[in-house]
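**Q** Sharing a structure here in structure tokens format.
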Amino acid sequence: MQADTASAMPPEIVCAGLSKSFPGGLRVLPPLDLTLTGGQTTALVGPSGCGKSTLLRLIAGLEAPDTGRVTIGGESPATMQKRGAISMAFQDPSLLPWRTVRGNLALALKLAHQPADPGAVDRMIALVGLAGFEDARPAALSGGMRQRAAVARAMVTRPRLLLLDEPFGAVDELTRRQLAFDLPRLWETRGTTTLLVTHSVAEAVLLADRVLVLSPRPARVVADIPVTLPHPRRPAITQEAAFHDLADGIFSALMAGAGQVPAQTAP
Amino acid sequence: MTRADRLGGGRFRAGITAGVGLLILLLLWEVLARALSGQFLLAAPAEVLSWLNAQRGLMTRALIQTLANAAAGFLAGNLVAIALAGIAFVWPRTERPVTGLALLIFCLPLVATGPILRVLLGPGNGPQIWLAALAVYYTTLIPLLVGLRAAPASWLDLVRSHGRGRWAELIHIRARAALPYLFAGLQIAAPAAFLGAMVGEFTGAERGMGVLTIRFIRAMDVPAIWALASVAAAVSILAYASIGWLARAVLTEPPPVILAPPRAARARRWSGLRQMLMTGGLALLLWWAAMQALDLNRFFAKRPGDVFDALFLAPDAGAMRATLGSALLETAVYLLPGYLAGLALGAGLAALIVLVPPLAALAMPLAVALRSVPIVTTAPLIVLALGRGAAGTTALVAVMVFFPTFVACLHGLRQAPGQIMDVFDSHAAGRLSRLIHVRIPAMLPAFFAAARVSVPAAILAVTVVEWLATGRGIGSLMALSASISDYDMLWASVVVVAVLSVLCHAGVAALERRVLRRYAPEQEEP
Ligand SMILES: Nc1ncnc2c1ncn2[C@@H]1O[C@H](COP(=O)(O)OP(=O)(O)OP(=O)(O)O)[C@@H](O)[C@H]1O
Ligand SMILES: [Mg+2]
């Protein structure tokens with residue numbers, strides 16, 4: 001099908017004049033213009049409560065903007081949803097407690113109208129380091145394990161657009177670095193456009209091609225920092241000077257966005 | 001107590017405590033019976049067993065008959081409940097009228113609906129099955145409605161993020177998330193169906209436990225009454241336990257506490273009243289339409305207009321109102337103190353008992369078991385013990401209210417979220433301070449849910465005991481009217497009792513909203 005070949009290009013995300021307030025006059029997003037290059041991984045960092053999750057939900061089509069619009073590869077979020085092209089891993093893992101890890105992934109496939117694929121499910125579970133826990137129920141997993149299961153569920157449908165809301169907040173540093181090494185390779189081969197929210201500057205640098213720093217609510221983009229480190233990024237990369245320069249730059253931007261004086265960079 | 005203790009503790013241990021509780025109960029019973037021997041009050045367990053052995057055949061036939069009717073009513077009532085919950089969920093606009101009407105019908109006094117159904121349906125098992133269905137559908141409908149809305153928003157977001165709609169939500173998320181609530185409702189329904197079938201048998205059935213109850217009460221056959229009560233209790237407890245067992249086999253999550261949260265107070269001032277009036281109007285319309293459509297004889301199938309005439313326009317309307325009024329007053333005098341005492345005792349004892357955890361472990365299974373003992377068999381017993389006066393009736397109402405309140409409150413007290421309890425543990429806070437700051441606020445919704453459901457239960461209890469034993473009040477008036485075919489009076493008392501129950505229920509719900517808003521705002525429905 002022609003449409004398919006066209007959409008096989010990693011989709012570009014365009015937010016044009018996007019704004020959102022909540023009842024009670026809480027303005028979360030001012031009109032916001034943003035373009036995410038197809039196939040790239042973008043990290044959003046910003047203070048708690050600034051509107052990161054809200055932006056993700058708008059892009060996923062779970063929330064309607066007050067003004068402006070979102071397009072994903074030229075289509076509306078609703079259209080892309082129906083094609084099973086969007087997946088989101090939510091801030092709280094929200095796995096269904098009555099389904100096993102395997103069952104949770106299988107349901108995602110079913111919801112996305114995709115054929116059952118036990119092999120792909122198990123490979124995905126293994127990729128996030130949960131091999132051996134395929135038949136465990138969420139209650140029997142640790143917080144970090146649940147988060148990884150949620151990421152696996154979001155990825156098993158091979159979405160064109162992957163939205164990850166603080167996916168590894170409760171994951172230990174070592175596993176996190178391993179995932180930061182494994183997951184982007186998969187996104188690259190699949191042509192996934194990824195938008196990820198994180199509170200960890202190091203995680204942003206490890207995973208992303210580009211980091212957007214947001215100000216406190218209402219969220220503006222105060223810095224747009226390209227991450228030029230080559231992929232794949234081995235865990236040892238955190239010892240390189242380029243890594244630390246980037247991390248310092250992001251941190252200064254966060255402080256500046258919050259109206260504080262940027263810290264002196266170490267000599 | 002560690003968190004793990006609170007969560008699990010082991011089914012085996014629970015079984016043992018339940019067994020110990022039962023043993024203690026039997027012992028107490030035997031001791032008491034010996035102490036009271038010669039007063040024709042209490043038959044000892046041994047006496048009951050020998051009676052049962054002698055009357056095996058009679059008892060088995062009656063039991064099978066009642067069980068069959070109860071099962072049919074249980075099935076029908078619950079299917080209707082599931083259908084109604086589905087309708088209310090799919091068309092949210094119908095939810096208020098559906099739940100309002102359901103409550104009104106649930107508040108119809110079985111003692112009077114029984115005889116009316118008997119004349120409408122004629123001989124056979126019809127009224128027994130109908131009453132069993134009427135006794136169960138409401139307690140399934142409400143938890144189910146809560147359960148269908150119990151899924152957290154992020155589960156639904158998952159469905160929507162894949163572009164799927166309400167159907168996928170219902171099938172993949174809500175139906176399954178509601179399952180624990182359905183089971184909890186079914187568990188309460190099982191003993192209730194048995195009770196409903198027995199009340200149905202009071203109205204001139206040929207066979208069944210209800211028929212035997214009436215016969216033995218007339219004859220004051222003490223061992224027989226106790227044997228009936230024991231069998232009915234055992235059957236009810238078994239039904240309750242086996243549905244609990246089934247739920248544990250099917251479900252992976254712990255059972256929920258059924259709260260049926262009151263609706264958010266977003267409504268405008270008068271919308272509650274308007275809703276009530278609309279529901280009332282709808283009920284009258286349905287009543288009239290049903291009677292017309294079935295073309296039933298006006299002599300026993302009264303229409304709304306007939307009842308209005310009898311109450312306000314007929315020459316003897318004044319006398320009728322006076323009779324009704326004095327009967328109601330007589331009932332209220334016993335009902336209110338019993339209701340309040342039952343609530344206070346249930347909540348108070350539950351609060352006390354969590355201060356002594358080993359006691360709670362013992363009391364819980366006992367109370368759960370005793371809650372399912374059918375009122376129709378305990379009524380004669382309590383009256384036997386306390387006499388036909390105020391004490392007996394009031395005690396009976398209190399008992400009827402006590403058990404559900406106690407069980408709900410104990411559930412609620414234990415509900416206190418694990419993490420919050422951990423915070424208190426980490427500050428080494430004492431049991432009392434935890435009780436006051438965490439557990440009682442967590443208990444309030446459960447308490448009020450019990451208080452609401454107890455309104456019709458208390459009315460059922462008081463009318464049954466008035467009918468079976470004391471011969472006064474509205475229950476007796478209804479029984480008398482049925483026996484002398486005074487259908488004007490019978491229908492009028494049904495209407496008045498149902499309306500009063502609904503009003504009391506609404507009053508409790510209003511109080512609940514005010515209290516919860518102040519003391520436990522996070523417990524209100526979002
Ligand atoms: N459904 C809602 N109704 C009202 N206010 C909301 C709603 N959702 C979010 N908000 C408000 O919008 C603001 C932004 O919320 P959002 O969840 O987007 O923050 P966030 O940047 O993801 O924060 P965090 O890093 O803590 O997850 C917050 O102040 C929050 O209170
Ligand atoms: Mg967030």
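**Q** About its Cα centre, how strong a charge dipole does chain A have in debye, to the nearest 20, once Lys and Arg get +1 and Asp and Glu get -1 at the Cβ?
**A** Charge dipole, chain A, about its Cα centre: 580 debye, nearest 20.
**Q** If you don't mind, there's one more thing I want to ask. Between B:Leu386 and A:Thr79, with labels modelled 7 Å along Cα→Cβ, what's the label distance in nm to one decimal, could you check?
**A** According to this spin-label approximation, the distance is 7.3 nm.
**Q** Taking just the alpha-carbon atoms of the range A:172-265, what radius of gyration and Dmax come out, in angstrom?
**A** Cα-based Rg and Dmax for the range A:172-265 come out at 13.8, 41 Å.
**Q** Rounded to the nearest 5, what % of DSSP beta bridges with both residues in chain A are antiparallel?
**A** 50 percent
**Q** Compare the peptides B:500-509, A:53-62, A:149-158, A:25-34 by average per-residue count of other Cβ atoms within 10 angstrom and give them in order, highest first.
**A** Most protected by this proxy first, the peptides run A:149-158, A:53-62, B:500-509, A:25-34.
**Q** Additional query: Kindly work out what percent of the DSSP beta bridges joining two residues of the protein assembly as shown are antiparallel, to the nearest 5.
**A** Bridges in the protein assembly as shown that DSSP calls antiparallel: roughly 50 percent.
**Q** About its Cα centre, what dipole magnitude does the range A:94-158 give when the only charges are +1 on Lys and Arg Cβ and -1 on Asp and Glu Cβ, stated in debye to the nearest 20?
**A** Here the range A:94-158 has a charge dipole of around 160 debye.
**Q** Of A:Ser53, A:Val151, A:Leu130, which is farthest along the charge dipole of the protein assembly as shown in the positive direction, counting Lys and Arg as +1 and Asp and Glu as -1 at C-beta?
**A** Projecting each Cα onto the dipole axis, the largest value belongs to A:Ser53.
**Q** How large is Rg over Rh for the protein assembly as shown, taking Rg from the Cα atoms and Rh as the Kirkwood inverse mean of 1/r across Cα pairs?
**A** Expressed as Rg/Rh, it is 1.07.
**Q** Just read off the accessible area of A:Lys82 with the full protein assembly in place, 1.4 Å probe, to the nearest 10 Å².
**A** About 140 Å², rounded to the nearest 10.
**Q** Now for a different question. Can you tell which of A:Ala208, A:His244, A:Pro115 lies farthest toward the positive end of the dipole of the range A:109-267, using +1 and -1 charges on the Cβ of basic and acidic side chains (Lys, Arg; Asp, Glu)?
**A** Projecting each Cα onto the dipole axis, the largest value belongs to A:Pro115.
**Q** Nearest 100 Å² is fine: what is the total accessible surface buried where chains A and B meet, probe 1.4 Å?
**A** What A and B bury together is about 1900 Å².
**Q** Give the average, rounded to an integer, of partner chain Cβ atoms located within 10 angstrom of each Cβ in A:70-82.
**A** Per residue, the number of nearby Cβ atoms from other chains is 1 on average.
**Q** Around A:Ala223, which amide H atoms from residues at least 5 apart in sequence, or from another chain, sit under 5 Å from its own amide H, with H modelled in the peptide plane?
**A** A:Val213
**Q** Same structure again: Give the calculated FRET efficiency between B:Leu28 and B:Leu238 to the nearest 0.05, with a Förster radius of 22 Å applied to their Cβ-Cβ distance.
**A** With R0 = 22 Å, the Cβ-Cβ based efficiency is 0.55.
**Q** How well do other chains shield peptide B:145-158, expressed as the mean number of their Cβ atoms within 10 Å of each residue Cβ?
**A** Across the residues of B:145-158, the mean count of other-chain Cβ atoms within 10 Å is 3.
**Q** Pairs on different chains or at least eight residues apart, Cα atoms closer than 28 Å: how many lysine pairs in the protein assembly as shown fit?
**A** Here the count comes out as 4.
**Q** A follow-up question, please. Is the range A:1-155 rounded, prolate or oblate when judged by the Cα gyration tensor, a ≥ b ≥ c being the square roots of its eigenvalues, rounded requiring a/c under 1.5 and prolate requiring a/b larger than b/c?
**A** It comes out oblate by the Cα gyration axes.
**Q** Divide the volume of the convex hull of the Cα atoms of the range A:1-93 by its number of residues and quote the answer in cubic angstrom per residue.
**A** Output value, Cα hull per residue: 111 Å³.
**Q** Treating the range A:94-158 as a set of equal point scatterers at the Cα positions, no solvent, please give the Debye-formula log₁₀ I(q)/I(0) at q = 0.13, 0.16 Å⁻¹.
**A** So the normalised log intensities work out to -0.26, -0.40.
**Q** Taking the Cα centre of the protein assembly as shown as origin and charging only Cβ (+1 Lys, Arg; -1 Asp, Glu), how large is the dipole, in debye to the nearest 20?
**A** Charge dipole of the protein assembly as shown: 340 debye, to the nearest 20.
**Q** May I pose another question? At 222 nm, what helix-only mean residue ellipticity would the protein assembly as shown give, in deg cm²/dmol to the nearest 500, using -39500 (n - 2.57) for each DSSP H run of four or more?
**A** Counting only the DSSP helices, I get -21000 deg cm²/dmol.
**Q** Just tell me how shielded A:90-98 is by partners: mean number of partner chain Cβ atoms within 10 Å of each residue's Cβ, no decimals.
**A** Averaged over the peptide's residues, the number is 5.
**Q** Radius of gyration and Dmax for chain A's Cα atoms, expressed in Å?
**A** Cα only, chain A: 18.3, 57 Å (Rg, Dmax).
**Q** With Cβ to Cβ distances under 15 Å as the rule, what net charge do the other residues near A:Val45 carry (K, R +1; D, E -1)?
**A** Charge balance near A:Val45 sits at -2.
The values are calculated or read from the model by the stated rules, or taken from the named source; none is laboratory data. Model, not experiment: these values are computed from the prediction. FYI the Cβ positions are ideal-geometry reconstructions off the backbone, even for glycines, and counts take in every protein chain you see. What goes into the accessible areas is simple: the full protein's heavy atoms, side chains included, and nothing from ligands, DNA or RNA. Shrake-Rupley method; radii C 1.70, N 1.55, O 1.52, S 1.80 Å.
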